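Heads up, the thing below is written out as C-alpha cells.
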Amino acid sequence: MEGTDKAVRRSAWRRQFLLQGCWNYEGMQNVGFAYSILPALRHIYREKPEELTKALKRHLEYFNTQPAMGGVILGAALKLEERAAAGEVDSRDIGTFKVGLMGSLGAIGDAYFWGALRPMASVAGAVLALVHPFLGIAALLLVYNLSHLPIRWKGFSAGIEGEEKAVEFLKGSGFAAKTEDRKIVAAILGGAYAGAVCGKTALMFGSGQAAPAFLLLAVLTVHLLTVLFRKAVSPSEILLFLLIIGTLLVWH
Amino acid sequence: MYFQFLLAAVIGSIAYLDRTAAFQVMLHRPLVVATAMGAVFGNVFAGAQVGAILELLYLARLPVGASIPPDDTGAAMFAGAAAAVSASSVGLSAGSITAVLLLSVPCAELGKAADRQVRRINGRIASLTAESVEKGDSHAVEQGLLAGVTLFALSGVVLTLLFTGAGVVVGRQLLPRFGPASKSFFAALLPVLILLGAASVFSCTRIGRTAPVFYLTMAMVFAATFLFRWAG
Amino acid sequence: MSLEMVRVDCRLIHGQIVETWLPHTGADCLLVANEDLAGNPFLRSVMELAVPSSACVVFCRLEEVACALADIDRVGKKVILLCSSFADALRIYRSGVRFSSINIGNLHYAAGKVEISPSVFFSQEDFDAVSCFCHNGIAVNIRATPFDPGTCYEPERE
C-alpha cells in the first residue's frame with residue numbers, strides 16, 4: 001500500500017480548520033472529523049465503496065477534543081486507516097485510539113490554549129490597546145497565532161507519521177511547562193494592567209496619602225472576585241449585580 | 001445606515017464563525033470585534049476602549065466540552081456600536097463606558113442561548129448525515145458540514161444585526177438622556193470592571209506561583225504610576 | 001476523608017476536570033479507576049501529560065480503589081475519583097468505597113440512549129445503576145462544570 005499522496009494530506013490539513021463546523025451535543029465534533037478525513041478515506045478505499053461507508057461510519061462516532069489539538073489525532077487516524085486498509089492493524093483499533101486520546105489531548109489543549117495562551121494574548125492586547133487600538137489587536141492576534149498555527153501544523157505532521165511520533169510530539173513540546181510559563185506571563189501582565197489602571201484612577205482623586213488604602217482596596221476587590229470565580233459565580237452575574245447597583249444609585 | 005449594518009453583518013458572520021465553527025484564530029475576541037464595530041459606526045477609538053475592557057471580563061469561562069461560555073463576541077458588538085455612536089454625538093465619558101459594558105450582559109447571555117440552539121439543530125443535521133452515509137452517500141458528510149457552518153454563520157448575522165441595532169439605539173437614545181451627575185455614579189463602578197477583568201485573568205491563570213507574582217506586579221506598577229507623576 | 005468528588009465521565013481526564021474542577025474543589029490528586037487504562041501504558045502516558053504539575057494522577061483497577069484511596073489519604077492529598085461509566089462506579093461502590101454524592105459529567109450519546117442533559121445520555125443499564133445509587137441515599141448530580149447550575153437526578157417513583 002503506497003502512502004496517501006500530498007494533495008490528500010493537504011486537503012485533510014485544510015479541512016481540519018472546520019473540525020467544529022457541525023458541533024452538536026450528540027456527536028460533538030463527529031461530522032467535522034469525518035469531513036476532515038474524508039478525502040483520505042476516498043483515496044484509500046477508492047475501489048471499495050462498502051469499505052468507505054464502513055470507515056466513514058467509524059469516524060461519525062462521538063468525538064471531541066480541543067480544536068487546535070484535533071490535528072494530531074486526525075493525522076494519526078489517517079495513518080491508522082492506511083495501515084488498516086493494508087491489513088496491518090485491526091480497524092477497531094482506530095476508534096479505540098481516537099477515544100483514548102481525545103480526552104487527554106482535550107485537557108492538554110484546554111489548559112494550554114484556553115487556560116494560558118488566550119489569557120496571555122488577551123491581556124497583552126488589552127494593555128497595548130491603551131497605547132493604540134491597532135497595536136493591541138496586532139499583539140493579541142500575533143501572540144496567539146504565532147503559537148497556535150505552528151502547533152496545529154506540527155501536531156498534524158507528527159500525527160501523520162504515526163501514533164508513536166504523535167506521542168513523541170506531545171512529550172517533546174513540553175506543554176505542561178509552556179502552559180505554566182504562559183500563565184505566569186499572563187498573571188504579570190494582568191497585575192501590571194490592574195496596577196496601571198488603579199494608579200491612574202487613584203491619581204484622579206488626588207492625594208498621595210490615600211494611595212496605600214486605595215491599593216489595598218483594589219487588592220481586596222480582586223481577591224474577592226477571584227474567590228467568587230472559584231465558587232463558580234459567572235462574570236455575567238457579577239456584572240448584572242453591578243448594573244443593579246448603578247441603576248439604584250442613579251434612581252435616587 | 002443600511003450600508004453600515006451590511007458591513008457589520010459581514011464582519012459579524014466572520015467573527016461568529018471564528019468563535020466555534022472555523023479557524024479559532026481569535027478574530028472573535030471582544031477587542032477585535034468592538035474595534036471593528038467602532039470603525040463601522042464611526043469611532044474606532046471608542047470601540048477599542050470598551051473592547052479592551054470587555055476582552056478580559058469573560059476569560060475565566062472556558063469553552064470546555066459541552067459547556068458554553070457567555071457570548072463575549074455579541075457583547076462586544078453591542079458595546080462597540082453603542083460606544084461609537086454615543087462618542088460621535090455626546091462624547092464618551094467614563095460613566096457611559098460603564099453603562100454600555102453593564103448593559104452588554106443580556107447580549108452575552110442571549111448569544112449563549114442562541115449558540116445552544118444552533119448546536120441542537122446541528123444534532124439533527126448530524127443524524128441526517130449519518131443516515132445518508134449509511135445508504136452509501138459519502139457526499140452527505142460535506143453537505144452536513146456545510147449546513148452546520150451555514151447555520152453558525154446565519155445565526156451570527158442575525159445576532160450581529162440584533163446587537164449592533166440595540167447598540168445604536170442605546171447610544172443614540174438612552175445615553176444622551178443622562179446628565180453628568182448620574183453618569184458619575186456609573187463612572188465610580190468603572191474601576192470595579194477593570195478589576196473584574198484582572199481577576200478573570202488571574203483566576204484562569206492561577207497556579208501556585210502566580211499569586212505572589214500577580215499581586216507584586218500590581219503593587220509595583222501602582223507605585224510606579226505615582227513615582228512618574230511626582231518625578232515629572 | 002479526603003475524597004472531594006466522585007465523577008462519572010466517559011472521557012475521564014479532559015479540560016473540564018483539569019481547568020474547572022481541580023481549581024474549584026481544591027483537589028490535588030486525580031484517581032482514575034479504569035480497567036482498560038490499567039492495561040494500556042501508552043494511553044496512561046498520554047493522560048499523565050494532561051495533568052498539571054500541581055496535581056498528581058494515580059491509575060488503578062476498579063477493585064483497588066479502596067486501597068489506592070487509603071494510600072492517598074496517608075500522604076494527605078485531596079482526591080477526585082474518576083471512572084468512565086455507571087457500571088464501573090457501581091462496582092467501586094460495591095467493593096466498599098463509600099461516598100455521599102456522585103457527579104455525572106459526560107456520558108456520550110449512542111443509539112437508544114435517553115437525553116438527561118446536553119452532555120449526558122442514559123442507557124437502560126445507567127437508569128438501573130442510578131436507581132441503585134438513589135436507594136442507597138447517594139445524591140446523583142448532573143453537572144459538567146462548576147459553572148453549570150447542576151441538577152439533582154431523581155428516578156421516577158413507580
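On a C-alpha basis, how far is the centre of the range B:160-229 from the centre of the range B:2-81 in Å? Whole number, if you could? Each part's Cα centre sits 17 Å from the other's.
Before we go on, tell me the buried accessible area for the A/C pair, both chains summed, 1.4 Å probe, in Å² to the nearest 100.
Values: alone 15150 and 8240 Å², together 21160 Å².
Buried surface at the A/C interface: approximately 2200 Å².
Computed over every Cα-Cα pair of the range B:2-231 and binned at 10 Å starting from 0, the pair-distance distribution P(r) comes out as 8, 28, 29, 20, 10, 3, 1, 0 percent. Stokes-Einstein diffusion for the protein assembly as shown at 4 °C, viscosity 1.567 mPa s, with a Kirkwood radius from C-alpha pairs, works out to 50 µm²/s. In order along the range B:107-115, the phi-based Karplus estimate (6.51 cos²θ - 1.76 cosθ + 1.60, θ = phi - 60°) of 3J(HN,Hα) comes to 4, 4, 6, 5, x, 5, 5, 5, 4 Hz; Gly and Pro are listed as x. Dipole size of the range C:41-92 about its Cα centre, with +1 on Lys/Arg Cβ and -1 on Asp/Glu Cβ: approximately 100 debye, rounded to the nearest 20. Averaged over residues, the count of other Cβ atoms within 10 Å places the peptides A:105-111, C:121-127, C:77-83, B:156-162 in the sequence A:105-111, C:77-83, B:156-162, C:121-127, highest first.
Per residue, how many Å² of accessible area does the protein assembly as shown show with a 1.4 Å probe?
Details: 25490 Å² over 642 residues.
Result: 40 Å² per residue.
Across peptide C:50-57, the mean count of Cβ atoms from other chains lying within 10 Å of each residue's own Cβ comes to 5.
Highest mean packing first, where packing is the average number of other Cβ atoms within 10 Å per residue, the peptides B:112-121, B:91-100, A:230-239, C:99-108 line up as B:91-100, C:99-108, A:230-239, B:112-121. In summary, the lysines within cross-link reach of A:LYS200, defined as a Cα separation below 29 angstrom excluding same-chain residues under 8 places away, comprise A:LYS183, B:LYS183. Shape analysis of the range A:206-252 places it in the oblate category; the axes a ≥ b ≥ c from the Cα gyration tensor give an a/c of at least 1.5, with a/b not above b/c. Pairs with C-alpha atoms separated by more than 21 Å, drawn from the list A:LYS54/B:LYS135; A:LYS6/B:LYS135; A:LYS6/A:LYS154; A:LYS98/A:LYS165, are A:LYS6/B:LYS135. When the solvent-accessible area of the range A:6-181 is split by element, carbon and sulfur atoms take up 57 percent of it, the probe being 1.4 Å. Probe radius 1.4 Å, ligands and nucleic acids ignored: give me the carbon and sulfur share of the accessible area of chain C as a rounded percent. Carbon with sulfur: 49 percent of the solvent-accessible area. Dipole magnitude for chain A: computed about the Cα centre from +1 point charges on Lys and Arg Cβ and -1 point charges on Asp and Glu Cβ, it is near 460 debye. When a/c reaches 1.5 or more, the comparison of a/b and b/c decides; with that in mind, is the range C:12-93 rounded, prolate or oblate per its Cα gyration tensor? Rounded.
With the convex hull constructed from alpha-carbon coordinates only, chain A shows a mean projected area of 18.2 nm² over all directions. Highest mean packing comes first when the peptides C:141-147, B:49-55 are listed by Cβ atoms within 10 Å, giving B:49-55, C:141-147. Each residue of the range B:65-108 gets 56 Å³ once the volume of the Cα convex hull is shared out per residue. The shape of the range A:1-115 comes out prolate: with a ≥ b ≥ c from the C-alpha gyration tensor, a/c is at least 1.5 and a/b beats b/c.
Computed over protein heavy atoms with a 1.4 Å probe, the carbon and sulfur contribution to the accessible area of the range B:2-231 reaches 70%. When nucleic acids and ligands are ignored and a 1.4 Å probe is applied, A:TYR193 ends up with an accessible area of around 10 Å².
For the chain pair B and A, the interface hides roughly 8100 square angstrom of accessible area in total, found with a 1.4 Å probe.
Heavy-atom accessible surface of C:SER54, to the nearest 10 Å², is about 80 Å², with a 1.4 Å probe and all protein chains retained. Here chain C is treated as a sphere whose radius is the Kirkwood value from Cα pairs; by Stokes-Einstein at 37 °C and 0.692 mPa s it diffuses with a coefficient of 207 µm²/s. With a 10 Å cut-off around each Cβ of A:53-65, the average count of Cβ atoms from other chains is 4.
Mean partner shielding of peptide B:174-186, defined as the number of other chain Cβ atoms within 10 Å of each residue Cβ, is 2.
Relative contact order for chain B: 26 percent, from Cα pairs under 8 Å spaced at least 6 residues apart, divided by residue count. Pairing chains C and B buries close to 800 square angstrom of accessible surface in total, based on protein heavy atoms and a 1.4 angstrom probe. Once the Cα atoms are used to define both axes, helix A:175-204 deviates from the longest principal axis of chain A by about 20 degrees. Overall, the protein assembly as shown carries a charge dipole of about 1800 debye about its Cα centre when +1 sits on the Cβ of Lys and Arg and -1 on the Cβ of Asp and Glu, all other atoms neutral. Positive-end ranking of C:VAL75, C:TRP21, C:SER131 along the dipole of chain C, with charges on Cβ about the Cα centre, is headed by C:VAL75.
Accessible surface for B:LEU195 stands near 10 Å², nearest 10, in the context of the full protein assembly shown (1.4 Å probe). Taken over the alpha carbons of the range B:20-134 as equal point scatterers, the Debye sum produces base-10 log I(q)/I(0) values at 0.11, 0.14 Å⁻¹ of -0.41, -0.60.
The values are calculated or read from the model by the stated rules, or taken from the named source; none is laboratory data. Source: prediction; values computed, not measured. Cβ sites come from the backbone with ideal geometry, for glycine too, and all protein chains shown count toward neighbours. For the accessible areas, the whole protein counts, side chains as well, though only heavy atoms, and no ligand, DNA or RNA atoms are used. Shrake-Rupley method; radii C 1.70, N 1.55, O 1.52, S 1.80 Å.
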